[in-house]
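First the structure, in the form of structure tokens, and then the observations on it.
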Amino acid sequence: MTPDPVTVLHRRFPGLVFWFGVRTGSWWAIVPPPAGWRLIEAADPDQLTQAIIKSQSWPWPSPRQGARWTLGVGRHH
């Protein structure tokens with residue numbers, strides 16, 4: 001039996017909030033970096049894990065890593 005991804009994320013990052021967006025089809029987390037709370041979107045739980053680990057950098061993923069959205073514009077790349 002495969003463990004629930006949200007349970008795995010909670011075990012790895014206790015205290016953070018995670019969910020799967022049924023309408024967006026994306027995985028989400030709210031993380032508290034030093035600059036303030038940040039909402040992170042990822043395609044799957046593995047990408048979300050990497051985004052949380054690297055949450056000190058912005059944006060995630062960087063445009064070089066294949067970001068799907070341009071900040072402030074809302075147009076799909």
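The values are calculated or read from the model by the stated rules, or taken from the named source; none is laboratory data. Because the structure is a prediction, the values reported are computed rather than measured. Methodologically, a virtual Cβ is constructed for each residue, glycine included, from the backbone with ideal geometry; neighbour enumeration extends over all protein chains shown. Protein only, heavy atoms only, side chains kept; ligands, DNA and RNA dropped before computing areas. Shrake-Rupley method; radii C 1.70, N 1.55, O 1.52, S 1.80 Å.
Observations
- Test: residue in the stretch 56-63 that is among the polar types (S, T, N, Q), loosely packed, with under 14 Cβ neighbours inside 10 Å, over 19 Å from Pro3 (Cα atoms) and at pLDDT 85 or above: no
- In the stretch 24-36, the count of residues that are in contact with a Ser or Thr (Cβ under 8 Å, 6 or more places away or on another chain), modelled with pLDDT of 90 or more and over 15 Å from Ser55 (Cβ atoms) is zero.
- The residue of the stretch 1-51 that is farthest from the chain's Cα centre (by Cα), among those that are assigned to a helix (DSSP H, G or I) and of a type in the set (A, V, I, L, M, F, W, C), is Val8.
- Scanning the stretch 29-46 for residues that are open to solvent by less than 40 Å² (accessible area, probe 1.4 Å) and under 17 Å from Asp4 (Cβ atoms) yields a total of 3.
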